[in-house]
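See structure below.
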Amino acid sequence: MAEMRSGEGQIKNQTVDKLVPEDQDGVLCTAEVDEYFMDIKGELSQIDRLVSDAVNNLVSNFRYISRLTKSHHDMVLAIEKMAAPEGSKPILELLEKQMDLADKIEQELEMAVTSLQFGDLVTQLLAHTTHQVEILNIELQRIDRQGNWKKKVGKEPLHTIHEGISKAVDVAKIKSKRKPVVQQGMQMGDIELF
Amino acid sequence: MAKTILAVDDSASIRQMVAFTLKGAGYEVIEAVDGQDALDKANIHKVNLVLTDINMPRMDGLKLLELLRKVTHYKTIPILMLTTESGDEIKAKGRAAGATGWLVKPFDPKRLLEVISKVIG
């Protein structure tokens, strides 16, 4: 399965014999491909951890700001009560501005609730992609083990390899699960009552 | 007395956003991390509404819906699906299993509260 390592420029105009070590079962190559796919999975997992960490922090910040806003709101109300009716006009105007400010912060926080759901969407997409990578790895290894391209006579080896890869991709597509996230943005989703 | 809502999602951030929205509107919220956890909690607490995700480990939302509808208390209780899924086929499955409504993520807090208020009575 060394043919998969196109990034290293090893497959151009080379025959299968040159690509594959003298190992009848191709075990070495299979291990290399497996390692390559493990690296991809590791990177997807790293992205997931980073996103999850960021989401946890953002949610924690969100909740703290929300609590502060509520305290601020309550405090302004209390001051307003203490200041009225004797309170001077400038003080009451200031308190009104403070109340407006608190309302605007609360509105922004409400809007943030929608955006903060991105972590769930990203995690589901990453899990889906990881699953697809796993299936492709399994299918490529299965075809490699079968080693049909080694036995076929009268065909260009590279063509046979492409055939094998196409077959693996086709099977991987069939075995892939339904994509759980189709959203392209963080706009509110549809609602339907039955 | 405040009505109780069971919020089911394997994503902690979604549970927190749902709880934040619902508690802010005066509802009591019980959280569950997957279908099995929800089923256990639904048997202990007779909640007034269930809001559940679909894709979850151990037991998914559709299975939970199916099992809850077999429990006397939950035969008529509103069960809303809150999910990233929006395909017609899966929606039809949900509808057939007895879902009250379908909300696609991400949700807007105001719209979520409107829907809940409408179905919870």
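The values are calculated or read from the model by the stated rules, or taken from the named source; none is laboratory data. Being a predicted model, the structure only gives us computed values, none of them experimental. Positions of Cβ are backbone-derived with ideal geometry, glycine not excepted, and every protein chain shown enters the neighbour counts. All accessible areas refer to the heavy atoms of the entire protein, side chains included, with ligands and DNA or RNA removed. Shrake-Rupley method; radii C 1.70, N 1.55, O 1.52, S 1.80 Å.
Provide a single number: the residues in segment A:87-104 that are hydrophobic (A, V, I, L, M, F, W, C), within 30 Å of B:I14 (Cβ to Cβ) and open to solvent by less than 70 Å² (accessible area, probe 1.4 Å). Can you show your working first?
The initial filter retains those residues of segment A:87-104 that are hydrophobic (A, V, I, L, M, F, W, C), namely A:91-92, A:94-95, A:99, A:101-102.
Narrowing the set further to residues that are within 30 Å of B:I14 (Cβ to Cβ) leaves A:101-102.
Then drop every residue that is not open to solvent by less than 70 Å² (accessible area, probe 1.4 Å), which leaves A:102.
Qualifying residue count for the region: 1.
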**Prompt:** So how many residues does segment A:36-86 have that are among the acidic types (D, E) and surrounded by 14 or more Cβ atoms within 10 Å (Cβ to Cβ)?
**Reply:** 2
**Request:** Using the structure shown, decide if A:D120 is over 29 Å from the mean Cα position of the chain (by Cα) and at pLDDT 85 or above.
**Result:** no
**Prompt:** If you go through segment B:106-117 one residue at a time, how many are more than 16 Å from A:Q117 (Cα to Cα) and at the interface with chain A (Cβ under 7 Å from one of its Cβ atoms)?
**Reply:** 1
**Message:** Restricting to segment A:164-177, name every residue that is touching a helix residue (DSSP H, G or I) at 6+ places or on another chain (Cβ under 8 Å) and farther than 15 Å from A:R145 by Cα.
**Reply:** A:V169, A:V171, A:A172, A:K175, A:S176, A:K177
**Candidates B:V50, B:V18, B:V29, filtered to the one that is under 23 Å from A:S66 (Cα atoms) and open to solvent by less than 10 Å² (accessible area, probe 1.4 Å)** = B:V18
**Request:** Within segment B:88-105, work out how many residues are in a loop (DSSP other than H, G, I, E, B) and at the interface with chain A (Cβ under 7 Å from one of its Cβ atoms).
**Result:** 3
**Request:** Take the residues in segment A:142-161 that are within 19 Å of A:E32 (Cα to Cα) and modelled with pLDDT under 70, then tell me which one is most open to solvent (accessible area, probe 1.4 Å).
**Result:** A:K150
**Complete:** By residue number, the members of segment B:70-87 that are outside any strand (DSSP E or B), crowded, with 16+ Cβ neighbours inside 10 Å and more than 10 Å from chain A (Cβ to nearest Cβ) are B:Y74, B:I77
**Request:** Take the residues in segment A:105-136 that are among the acidic types (D, E) and within 15 Å of B:F107 (Cβ to Cβ), then tell me which one is most open to solvent (accessible area, probe 1.4 Å).
**Result:** A:E110
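What residue, among those in segment A:57-90 that are among the acidic types (D, E) and part of a helix (DSSP H, G or I), is modelled with the highest pLDDT?
Quick first cut of segment A:57-90, residues among the acidic types (D, E) only: A:74, A:80, A:86.
So of that shortlist, the ones also part of a helix (DSSP H, G or I) come out as A:74, A:80.
Working: A:D74: 87, A:E80: 79.
Checking each candidate, the answer is A:D74.
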